[in-house]
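Data block below; observations after.
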Amino acid sequence: MLRHLDQCIEINAQRIIKTTAIFRLMSVPVLLPGEPEPVELIRGQRASRLLIHADHGGNTVPRNLNHLGIGADTLSRHVGWDIGAAAVSRHLAMRMDATAVIARYSRLIIDVNRALGDPEAIPQTSDGFAIPANVNMTAEQQADRVRTLYWPYHQSIDWELGLIREAGHLPAVLSVHSFTPALMSRDRVKPRPWHCGVMFSRDTRFGDHLIAEMRKVPGMIVGENEPYSGITHGYCAKVHGLSQSVPHAQIEIRQDLICTEAGQRWWADYLATIIPVILNKDDMNELRHY
Ligand SMILES: [Zn+2]
């Protein structure tokens, strides 16, 4: 009886080894040699304490993921990335001699602005589009995306924040996003009215100052915690801003305003005029623990 049991255990162990080997054979690296690094980094001269990050800046998909099964056309739409956000971030970093950390790969592969374990981190649908490559993934395939694209982005932001601190400054963190004028699945009847939105959660100082400045522009409609709430959304702002006690905010600019280079430059130039004024305010120069 015992001998029979030993044989069964051995057979099962061999099966497990074989199955694992098959998964390993099926597992292909997320990035192939020669493909771009996951993070685009623009480094200022440390004259500025501003760190800009664009979580949804890129819509690149690694060759091995074959356009995620949805095609290049869909990836170029708002579901694939935040149109214009990377360009605004680059221009703003240049104007302010600041640091910008930009995610190069599409949020549909893994969304760096979501907690791991959130179903939207590797979404199976987005605004009505199905994403076949994200269905029935193995744990190993998901872990590969996390290792290759997710952690390097967050580590880059924290590393750069450390360099700003080393230079003797208190960092201020601005998350740059863009939003579609109307979500296909929700807003067709009532398009979103704002030109931009400012999001924050418990630490409101950077957000309050941005809203106050922007509402001085005649005709500009600025949403407060719109089109999304900084309380329920904004994982990066919480991890790299709120939990580090530094001033932080997330700005969302409507995509039709920054889909051209002229629009991108206008917004970057405009932000580069109001942010230095904001950074000089007393409450922006202290740690705040929540
Ligand atoms: Zn975004």
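Rule-based calculations on the coordinates, nothing more; no lab input. What you see is a predicted model, and the numbers here were worked out from it, not measured in a lab. We place every Cβ from the backbone using ideal geometry, glycine too, and count neighbours over all the protein chains shown.
Once the Cα gyration tensor of the chain is found, what semi-axes does its equivalent ellipsoid get, as square roots of 5 times the eigenvalues, in whole Å, sorted largest first? Let's see the in-between values first.
Values: eigenvalues 313, 100, 61 Å².
Over the Cα atoms of the chain, the ellipsoid semi-axes are 40, 22, 17 Å.
For the chain, the longest principal axis of the Cα atoms and the long axis of helix 2-26 meet at an angle of about 40 degrees.
Among Leu279, Leu108, sorting on how many other beta-carbon atoms sit within 10 Å of each Cβ, with the fewest leading, yields Leu279, Leu108.
Of the GluC sites (Glu not before Pro) found in region 211-290, the ones in coil according to DSSP and having at most 12 other Cβ atoms within 10 Å of their Cβ are Glu286. Out of every Cα-Cα pair that region 203-255 contains, those further apart than 14 angstrom amount to 55 percent.
For region 55-133 versus region 261-290, the spacing of their alpha-carbon centroids is 24 Å. Helix content alone sets the calculated 222 nm mean residue ellipticity of the chain: runs of n ≥ 4 DSSP H residues at -39500 (n - 2.57) each, divided across all residues, give -10500 deg cm²/dmol.
Ordering Leu271, Leu210, Leu41, Leu32 by the number of other Cβ atoms within 10 Å of each residue's own Cβ, fewest first, gives Leu32, Leu41, Leu210, Leu271. When Val79, Val61, Val112 are arranged by Cβ crowding within 10 Å, least crowded first, meaning fewest neighbours, the order is Val61, Val79, Val112.
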